[in-house]
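Below is one structure, written out as structure tokens, with a few remarks after it.
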Amino acid sequence: MAKPAAKSISRGEGLATASTGFSLSEMRENKGARPKRTRVGRGHGSGMVKTGGEGGKGQTVRSGGGKGPAFEGGQTPWARRLPHKRGYSQKARDIGHFRSMYAVVNVSALTGWDAAIEVSPESLMAHKLVSKERDGIKILGGNKDAKTLPQGLKFRDVVFSATAREALEAAGADFGPVVEEVSMSGKKLQKKV
């Protein structure tokens, strides 16, 4: 429905006397233009108690402030109360730092070995029984049967496991200057003379 056109005001007439359809006292803001004010400090139901929306002071105001999840109010934290021994075991680290990494050869690989050739890191690499020397070469007792081993093998700069040493001794091997190794558990296998 179209509004009626406002009556033109003649000279000398005021707004109060003009019939424009509404007066200034009837004018209102748009809905939501004046939100209800927040009443601070009027009980816990309002949610505006204690700091009244202002937050804390000091550490809690700063970005990144506060303590981590392990903080226990200043008392000695749980991780530090545990009865640790002095120092830490290096076994938890990767074995490349604290252990010797040997290139291994089973005794059974020496069954067709020519007894005239000395068994050394160089000859084992030449015969392609090992690809890298690493920290040394170790003979393992993969085959304890001394009957299949050539008699009188000569060794140089090689370490042996206990079972390999037994099998080679039964076959009359010459170990030359003995290179001794100590395992991580402290057990002596052989000794450098």
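The values are calculated or read from the model by the stated rules, or taken from the named source; none is laboratory data. Not measured: the values here are computed from a predicted model. Note: ideal-geometry Cβ built from the backbone for every residue, glycine included; neighbour counts use all protein chains shown.
Considering only residues that are within 17 Å of Pro150 (Cα to Cα) and part of a strand (DSSP E or B), which ones fall in the stretch 129-139?
Scanning the stretch 129-139 gives a single hit, Ile139.
Just checking, which of Lys85, Lys67, Lys91 is of a type in the set (D, E, K, R), surrounded by 10 or more Cβ atoms within 10 Å (Cβ to Cβ) and either at pLDDT below 85 or assigned to a loop (DSSP other than H, G, I, E, B) (or both)?
Going through Lys85, Lys67, Lys91 in turn, just one is of a type in the set (D, E, K, R), surrounded by 10 or more Cβ atoms within 10 Å (Cβ to Cβ) and either at pLDDT below 85 or assigned to a loop (DSSP other than H, G, I, E, B) (or both): Lys67.
If a residue must be among the acidic types (Asp, Glu), in a loop (DSSP other than H, G, I, E, B) and either closer than 16 Å to Val159 by Cβ or modelled with pLDDT of 90 or more (or both), how many such residues does the stretch 108-128 contain?
Adding up the residues that qualify gives 1.
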